[in-house]
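The values are calculated or read from the model by the stated rules, or taken from the named source; none is laboratory data. Owing to the predicted nature of the structure, the values given are computational and were not obtained by experimental measurement. Cβ sites come from the backbone with ideal geometry, for glycine too, and all protein chains shown count toward neighbours. Note: accessible area is taken over every heavy atom of the protein model, side chains too, but ligands, DNA and RNA are not part of it. Shrake-Rupley method; radii C 1.70, N 1.55, O 1.52, S 1.80 Å.
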Amino acid sequence: MRPASTETVVTNDHHNLQTKQSTSLPSSSSSDRVIIAGAGPTGLFLAYKLAKSGIKVDLVERLPDISDAPRAAGYYGATLLALKDAGLLHLAAQRGYLTRAVGWRTAVQDDGHGNKTWGRLLCNIPFDQGSQERPEMGMLLLPQPKLCELLKEQIHVLNGMQPGSVKFHFHSELSNVHDDGHGVAVSVRNPQTGIERELRGILFVGADGAKSKARQLLGIKLQGHTWPERMIAADVLLRNVDVPPLTQLHFIVHPVHFAMVIPLERPVEGETTLWRFSMATDPMDNSTEEELLREENLARLFENYMVGPRPPQYKVVSKTVYRLHQRLANTMAIGRCALVGDAAHLNNPVGALGLSTGILDCDALATAIEMILHEGGPLSLLSTYSDARRQVFQSFVSPTSTANKLRLQQEPVAADDDWLIRKMQNPTLETLHDFIKPYITVWRTDMRALVAEQAARDEPILKANLSEAF
């Protein structure tokens, strides 16, 4: 059984959006494949989840392969539980590593011998309960490209067992989406040849990132604001010296040049490993991106964050400049189309709430799609998904990530009086439990439980209406 829906016609001119009610079931010629735009981590994770449940997927991506750009790296709380439920967590933990604590500290300082050592530690949040046997109890550090590689490999494993479960369409740029009430027709264009072709599916999902073409074509708007400063993210090979025994992931508190210093590989004293330096620029700095990424500017910034002998010895592997946003789509579903991840919402990166929230979107949406396609559930489950995930962003993700950023963006003496920093200077088990609880219970959406709760609320009203009718 397939659900009825509205018809939505989407063209390159999103002002030409048309909808009309349709009560008929989809025609027998309509493909039951789900079409996903974007082969980043959210698109790959959703494709894997759906394929594992027996739902076939077409995955379209404008690039020739998955991107290796330096992006997210940290996962914890409900995100790890979602990866565990998908059967991926232990594989991910084998490719990354579990950090023991996250710390807030001041910029590096002189050690009295012409070198630099770590700045004053304001507080840390321990994640030392995690282990290779129970990685879900800790914080996993795994660069986004490595997660994408893992997901792509596991999709190929599924394709080996169930041929055609996920079809990859690289060099395929989204150009049109047509929801006719019975299915979706998605047009893609090869950016090199200009050749267009059409894919037919039962549902469509936009997972194509912050500059989402899917969101544009669907006529969905982002609401919110952009922060004034820009961030420079540089992945750097660096010889490890003065490695702290506990706190390995560092939030650098500074009113202007706040930063996140993250070891992307397990840091071992004396060895050379990969680090991520995400550094804020002065909001008044009007330099071009090219100027910000010049060697001399990076060297000047690194002086605030790199420990060890001077001058520091390092090799920049990759570098980029990006802006910080706090924005949310005015809906995450329309007709037979839905959005996930950065296509639906954007938040600043402090606290690793971006990609992780996208993974949890996919976790919820996969369940909704399974209920629709496998269990005859109504198409309105996409709206239920949209409402639930937008509420999570509005009530938890955006305010929490905003507080995280502002906590870094101040003088250290002021940060000493921050409520969270004071609590985490000598935390009790109760304090740690209260801190992590919303990252388990609020961040993730249990679609089945949500639908059951709604049904329970609606049942007395339905009975009352039937009683009045008879």
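Among the residues of region 367-377, are any of a type in the set (Val, Ile, Thr) and within 13 Å of the chain's Cα centre (by Cα)?
First pass over region 367-377, keeping only residues of a type in the set (Val, Ile, Thr): 367, 369, 372.
If we keep only those that are within 13 Å of the chain's Cα centre (by Cα) as well, we get none.
No.
Are there any pairs, at least 6 apart or on different chains, whose C-beta atoms fall under 9 Å, with the first in region 223-247 and closer than 15 Å to TYR314 by Cα and open to solvent by 40 Å² or more (accessible area, probe 1.4 Å) and the second of a type in the set (Asp, Glu) and assigned to a loop (DSSP other than H, G, I, E, B), and if so, which?
Hits for this filter: ARG239/GLU271.
Would you please name the residue that is most open to solvent (accessible area, probe 1.4 Å), looking only at residues in region 387-436 that are basic (Lys, Arg) and closer than 24 Å to MET260 by Cα? Write out each step before concluding.
Within region 387-436, the first condition is being basic (Lys, Arg), and the residues that meet it are 389-390, 405, 407, 422-423.
Next, from what is left, pick out any that are closer than 24 Å to MET260 by Cα: 405, 407, 422-423.
Working: LYS405: 1, ARG407: 15, ARG422: 121, LYS423: 106 Å².
That would be ARG422.
Could you name every one of the helices (runs of 4 or more DSSP H) located completely within region 286-390 that has at least 3 residues being under 20 Å from LEU274 (Cα atoms)?
It comes to 295-302.
Touching a Cys at 6+ places or on another chain (Cβ under 6 Å), touching a residue at least 60 places away in the same chain (Cβ under 8 Å) and open to solvent by less than 60 Å² (accessible area, probe 1.4 Å): which single residue out of LEU218, LEU140 fits that description?
Details: LEU140 fails: touching a Cys at 6+ places or on another chain (Cβ under 6 Å).
Criteria check complete, one pass: LEU218.
Collect the residues in region 252-278 that are within 11 Å of LEU408 (Cβ to Cβ) and either open to solvent by less than 20 Å² (accessible area, probe 1.4 Å) or in contact with a helix residue (DSSP H, G or I) (Cβ under 6 Å, 6 or more places away or on another chain) (or both), keeping them in residue-number order. It would help to see each step written out before you state the result.
Step one: of region 252-278, the residues within 11 Å of LEU408 (Cβ to Cβ) are 252-260, 278.
Once the filter is applied, which keeps residues that are within 11 Å of LEU408 (Cβ to Cβ) and either open to solvent by less than 20 Å² (accessible area, probe 1.4 Å) or in contact with a helix residue (DSSP H, G or I) (Cβ under 6 Å, 6 or more places away or on another chain) (or both), region 252-278 yields ILE252, VAL253, PHE258, ALA259, MET260, SER278.
Is one or more of the residues making up region 182-195 open to solvent by less than 10 Å² (accessible area, probe 1.4 Å) and either within 30 Å of LYS84 (Cβ to Cβ) or of a type in the set (Gly, Ala, Ser) (or both)? Steps first, please.
Taking region 182-195 first, the residues open to solvent by less than 10 Å² (accessible area, probe 1.4 Å) are 183-186, 188.
Cutting the leftovers down to either within 30 Å of LYS84 (Cβ to Cβ) or of a type in the set (Gly, Ala, Ser) (or both) gives us 183, 185.
Yes: region 182-195 contains one or more residues that are open to solvent by less than 10 Å² (accessible area, probe 1.4 Å) and either within 30 Å of LYS84 (Cβ to Cβ) or of a type in the set (Gly, Ala, Ser) (or both).
Looking for whichever is out of contact with any helix residue (DSSP H, G or I) (no Cβ under 7 Å at 6 or more places or on another chain) and over 21 Å from CYS362 (Cβ atoms) here; the options are GLY201, GLY224. Which one fits?
On the way: GLY201 fails: over 21 Å from CYS362 (Cβ atoms).
None of the other options fit; the residue is GLY224.
Quick one: which residue in LEU147, LEU140 is closer than 28 Å to ASP235 by Cβ, in a strand (DSSP E or B) and not aromatic (Phe, Trp, Tyr)? Steps first, answer last, please.
Working: LEU147 fails: in a strand (DSSP E or B).
Of LEU147, LEU140, the one residue that is closer than 28 Å to ASP235 by Cβ, in a strand (DSSP E or B) and not aromatic (Phe, Trp, Tyr) is LEU140.
Looking at GLU173, is it buried (at least 18 other Cβ atoms within 10 Å of the Cβ), among the charged types (D, E, K, R) and under 30 Å from SER318 (Cβ atoms)? Give the steps one after another, and end with the answer.
Details: buried (at least 18 other Cβ atoms within 10 Å of the Cβ): yes; among the charged types (D, E, K, R): yes; under 30 Å from SER318 (Cβ atoms): yes.
Answer is yes for this residue.
Tell me which strands (runs of 3 or more DSSP E) are completely within region 1-102 and hold 2 or more residues being at pLDDT 80 or above, or say none if there are none. If you could, list the steps in order and put the result at the bottom.
Values: elements: 5-10, 18-22, 34-37, 57-60, 74-76, 97-99.
Correct list: 34-37, 57-60, 74-76, 97-99.
Every residue, every condition in (1) in contact with a Ser or Thr (Cβ under 8 Å, 6 or more places away or on another chain); (2) under 23 Å from ALA343 (Cα atoms); (3) of a type in the set (Gly, Ala, Ser), yes or no:
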position	(1), (2), (3)
GLY377	no, no, yes
LEU381	no, yes, no
ALA388	yes, yes, yes
PHE393	yes, yes, no
PHE396	no, yes, no
ASN404	no, yes, no
PRO412	yes, no, no
ASP418	no, no, no
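Between LEU381, LEU365, which is open to solvent by less than 60 Å² (accessible area, probe 1.4 Å) and out of contact with any Phe, Trp or Tyr (no Cβ under 6 Å at 6 or more places or on another chain)? Walk me through it before giving the result.
Values: LEU365 fails: out of contact with any Phe, Trp or Tyr (no Cβ under 6 Å at 6 or more places or on another chain).
None of the others qualify; the one that does is LEU381.
Just to check your reading of the model, which residue among GLY194, GLY112, GLY164 is within 30 Å of GLY308 (Cα to Cα) and either of a type in the set (Ser, Thr, Tyr) or outside any strand (DSSP E or B) (or both)?
On the way: GLY194 fails: within 30 Å of GLY308 (Cα to Cα); GLY164 fails: within 30 Å of GLY308 (Cα to Cα).
Going through GLY194, GLY112, GLY164 in turn, just one is within 30 Å of GLY308 (Cα to Cα) and either of a type in the set (Ser, Thr, Tyr) or outside any strand (DSSP E or B) (or both): GLY112.
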